[in-house]
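The structure appears right after this line, and notes come after that.
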Amino acid sequence: MRSRATVLRLSILVALAAAIPVAEAHHSFAAEFDADQPVELHGVITKMEWLNPHTWMHLDVANADGTTTQWMIEGGTPNTLFRRGFTPQAVPVGTEITVIGYRARNGANRANGRDLILTDGRRLFMGSPGTGAPGDEGAPTE
């Protein structure tokens, strides 16, 4: 009898655990980035990381004094970007771009990218809908 009750309790716990929605692995926009610190960065892509839950673009940005600052730009998931036509072939290392986004709260040279603009004027939306970023309500749906 005792083992039957234990099995029943465990079964109930497993069923309850399965019924609880799983939290997404990625953070909200406001947890890491500041909507009051928009940035527009002009630079050259030095590296792309197609990782989950976010892609990361590394960008060398030329400063007015002739020095270069390295930035990391967070984008949506690889799958989200692929479905929008944002592929490694579309933005290879060495590509000159403009990124519009929002700076990290801690002041690091990191930003959440919203739009990537190529030199020919084409725009790629690189954000993740549903994160609470400014303008998120108008972002393309997945």
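Some points to look at:
- Residue match in the stretch 40-54 (condition: touching a helix residue (DSSP H, G or I) at 6+ places or on another chain (Cβ under 8 Å), within 14 Å of GLY127 (Cβ to Cβ) and not acidic (Asp, Glu)): no
- Residue-level analysis places GLU137 among those that are modelled with pLDDT under 95, surrounded by fewer than 11 Cβ atoms within 10 Å (Cβ to Cβ) and among the charged types (D, E, K, R).
- Residues that are at pLDDT below 90 and surrounded by fewer than 16 Cβ atoms within 10 Å (Cβ to Cβ) occur in the stretch 90-113; there is at least one.
- Every residue from the stretch 93-118 that is of a type in the set (Lys, Arg) and touching a residue at least 24 places away in the same chain (Cβ under 8 Å): ARG103, ARG105, ARG110
The values are calculated or read from the model by the stated rules, or taken from the named source; none is laboratory data. All figures in this text were calculated on a predicted structure; none of them were measured in a lab. Quick reminder, even Gly has a Cβ in these numbers, built from the backbone with ideal geometry, and neighbours come from all protein chains shown.
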